[in-house]
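Data first, discussion second: the structure below is written as structure tokens.
The values are calculated or read from the model by the stated rules, or taken from the named source; none is laboratory data. Quick caveat: nothing in here was measured; it's all calculated off a predicted structure. For neighbour counting, all protein chains shown are included, and Cβ atoms are generated from backbone atoms with ideal geometry for every residue, glycine included.
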Amino acid sequence: MSAVGAAPRLEGRGNRGSASWMVVPALVLLIGFFALPYLTIITMSLREASTRAVYGDGFTLAHYTTALGDLYIWGILGRTLLIGATVTVISLLLGYPVAYHLAKSRSRWTSLLYIFVLSPLLVGLVVRTFAWMIILSNNGVANQALQAVGLINFPLQLMNNPLGVTIALTHVFLPFIILPLLGNLQAISPDLAMASRSLGASRMRTFWKVTLPLSMPGIQAGTILVFVLSISAYVTPAMLGGTGGRTMSVLVVQYLVDNFRWPAGAALAIIMAAVAVLFVGLYLRLTARAMRRLP
Amino acid sequence: MKLTRREFAVGMTTAIASMTLPRLAAAQSPLVVPTYGGLWAKFWEEKLLPGLTSATGIQPQLDVGLGKDFVAKIRAGGGRSPYSIFMGNENIAAVLRAEGFFEPFDLAKVPNAAKTFPQFINKDAKGIRAIVSPIGLAYRTDLVKTAPTSWHDLWENPEFKGKTGLYQIGNTGAVLFLRLVAELFGSGPDDFDTAFAKIKELLPFTQASWSGEVATALIRGDAIIAPVDWTEIMTLQDKGAPVAIVAPKEGVLAFEQSFNLVASGAEKDAAHAYLNYILDAKVQQDMAKAFYTSPSNSESVVDDAMKARTPIVGPRMAEIKSYDWDSYVDRAAEIADRWNREMA
């Protein structure tokens, strides 16, 4: 009886009140560290430029119109999106088999594979990127190895271009697609695949018709994560991209930090954020539609 | 989960108070001294600041970062700068000066300024370039047959074609080089059209964001020659790397750390005392020993051992090309944009 009697008190007014307090830190965090900075950046992007003050007195849309009318900026934006898309596709192709294996494996070596998967995240970003510089430079390990086996006579340009950035970003963001996929694949009941096999479907057909469609939520989550992280990455493109692999985030930092052009840099940051939201929204819509059509 | 107005108000007040308290605390903090990381931070922590405290009684607080970080903090601080004194490359300091964040030093409070080589004291004491790291032509001793003697060698020695390393435009080293090339080949340090045309002749070249990256390119052999500061090359030599650095006959460039009095700073007397200590002959000597800068104090002792490693000392300080950056500020953005588009 007492337990039954206690239940209404747990949901009573007093407890609702104390639970409400728990919202406040998150609310403050959201307003203080998300909404306000974004508002500040938007306001800054509308300020007039000045070399005699941090920004001019008036407001203008000039930073947006200049950026959007500049083919150079469009080129960098396109390159950024292309790098993001390429990293996402390669990560998916490499990560899916690993996640699938991890989800199905009962081996005692599985934990070792988990460590391998997480290994890119266990080393500092700058250290990891320096390692890629040593591997990909003109006199680096990769070129020396290719020259030693006689495959090339002159060093390949493996960095200071989008290729180097794509390789290094794929390396670091691979765990971000494997982990959501792994959770998703582990949640799929093995009975479904067994039922498919018992009805005569081959292993491949079972994968295409049962496992892959059911893992779509994991694919969606992982690809969005990798895409967004890739297009907003800074350190890797800054160190490995050079002038040929410059991305929007590098350009934004250059405007803001190197050239002290806060209004123009803020406008570029807003354009980049808007394009990212647009692409992610479009992708969500397309994948949601594809998932609705699944059997 | 319904939040009453009273609960919301109390929550917000607590949150705002928690955000405000550190600011109030900061207002009561001592002189905040900005410096760079690595060897610089080590020297500041272990030698310079304890020395300052025993000489003046000032107990400063160290802030380690990049010159551009200090700029951002001063700009973001508006009328309440976290620093009373700024340290950064002169071209960066010129930006804040143009924006009205600095005021002239009272040289009566900086007696050591009288012993400083005059070329490092800006007009009307609007900034003193107190720490000087000369930039020469560094090269790989094992890969270069004819050692450079002139900046012109970058264009004329075929060994260097496609094997040159340069700073990218975000680094002061690149703008210094741009102005040097404008002066060498054009009508003066502001002849940027000529400078761009000549530097484009060096393409393709490796571009690096900071001296450490130039050093890495040299060590890897991706570049066999590059304009770099003595500090970086001496440090590499100490590690046994096959690199050397020469002072070209036309003169050298230099990273000049400009100290400026922040108008909205709260500790202006302490800032003057700090600068005076930085300019002290012995302190300048110690810095030169710690990270191979060239003493800006004309009374600093420069022995043969120091001259052998960092030759641009004493009377040879006149070989440093010091540029005026106040007018450059108006063109900096356009030049950075142009570099990005043309030097690819």
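Quick rundown of the values:
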| quantity | calculated |
| --- | --- |
| Any chance B:LEU279 is surrounded by 23 or more Cβ atoms within 10 Å (Cβ to Cβ), over 25 Å from B:LYS42 (Cα atoms) and not small (Gly, Ala, Ser) | no |
| Test: residue in the range A:134-148 that is more than 14 Å from chain B (Cβ to nearest Cβ) and not hydrophobic (A, V, I, L, M, F, W, C) | no |
| Spans of strands (runs of 3 or more DSSP E) in the range B:155-240 with at least 2 residues touching a Gly at 6+ places or on another chain (Cβ under 7 Å) | B:206-208, B:225-229 |
| Selection within the range B:303-342 - closer than 22 Å to B:VAL95 by Cβ, at pLDDT below 95 and not in a helix (DSSP H, G or I) | B:SER322, B:TYR323, B:ASP324, B:TRP325, B:ASP326, B:SER327 |
| Failed item in (1) touching a residue at least 12 places away in the same chain (Cβ under 8 Å); (2) of a type in the set (A, V, I, L, M); (3) under 29 Å from A:LEU192 (Cα atoms), with A:VAL126 passing the rest | (3) |
| So A:ALA62, is it among the small types (Gly, Ala, Ser), closer than 18 Å to B:ALA76 by Cβ and surrounded by 11 or more Cβ atoms within 10 Å (Cβ to Cβ) | no |
| Helices (runs of 4 or more DSSP H) wholly inside the range B:1-101 that include at least 2 residues being at pLDDT 95 or above and of a type in the set (Ser, Thr, Tyr) | B:49-56 |
| Within the range B:276-302, considering residues that are of a type in the set (Asp, Glu) and outside any helix (DSSP H, G or I), the one farthest from B:GLY212 (Cα to Cα) | B:GLU299 |
| Residue within the range A:184-197 that is within 29 Å of A:ALA276 (Cα to Cα) and either within 14 Å of another protein chain (Cβ to nearest Cβ) or part of a helix (DSSP H, G or I) (or both) present | yes |
| From the options A:LEU251, A:LEU225, A:LEU286, A:LEU229, residue that is surrounded by 22 or more Cβ atoms within 10 Å (Cβ to Cβ) and within 21 Å of the chain's Cα centre (by Cα) | A:LEU251 |
| Residues within the range A:46-73 that are in a helix (DSSP H, G or I), over 25 Å from B:SER327 (Cα atoms) and either in contact (Cβ under 8 Å) with a residue 40 or more places away in the chain or within 13 Å of another protein chain (Cβ to nearest Cβ) (or both), tallied | 6 |
| Within the range B:204-223, considering residues that are more than 16 Å from A:PRO155 (Cα to Cα), hydrophobic (A, V, I, L, M, F, W, C) and buried (at least 21 other Cβ atoms within 10 Å of the Cβ), the one nearest to the other protein chains (Cβ to nearest Cβ) | B:ALA208 |
| Residues (closer than 24 Å to A:ASN138 by Cβ and part of a strand (DSSP E or B)) located in the range B:241-261 | B:VAL243, B:ALA244, B:ILE245 |
| Looking only at the range A:74-110, and only at residues there that are among the hydroxyl-bearing types (Ser, Thr, Tyr) and free of Cβ contacts under 8 Å to residues at least 12 places away in the same chain, the one that is farthest from A:VAL165 (Cα to Cα) | A:SER107 |
| Selection from the range B:71-96 of residues that are within 14 Å of chain A (Cβ to nearest Cβ) and in contact with a Gly (Cβ under 6 Å, 6 or more places away or on another chain) | B:SER81, B:GLY88, B:ASN89, B:ILE92, B:ALA93 |
| Qualifying residue in the range A:91-111 (condition: at pLDDT 90 or above and either of a type in the set (Val, Ile, Thr) or in contact with a strand residue (DSSP E or B) (Cβ under 7 Å, 6 or more places away or on another chain) (or both)) | yes |
| B:GLU99 within 14 Å of chain A (Cβ to nearest Cβ) and within 17 Å of B:PHE70 (Cα to Cα) | yes |
| Any hit, the range B:304-320, residues being within 25 Å of B:LEU52 (Cβ to Cβ) and of a type outside the set (A, V, I, L, M) | yes |
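Here's the yes/no breakdown for (1) under 30 Å from B:ARG80 (Cα atoms); (2) of a type in the set (S, T, N, Q); (3) away from chain A (no Cβ under 14 Å); (4) under 20 Å from the mean Cα position of the chain (by Cα):
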position: B:LYS249; (1), (2), (3), (4): no, no, yes, no
position: B:GLN257; (1), (2), (3), (4): yes, yes, yes, yes
position: B:LEU261; (1), (2), (3), (4): yes, no, yes, yes
position: B:GLU267; (1), (2), (3), (4): yes, no, yes, no
position: B:ALA273; (1), (2), (3), (4): yes, no, yes, no
position: B:LYS289; (1), (2), (3), (4): no, no, yes, yes
position: B:VAL302; (1), (2), (3), (4): no, no, yes, no
position: B:TYR328; (1), (2), (3), (4): yes, no, no, yes
position: B:ASP337; (1), (2), (3), (4): no, no, no, no
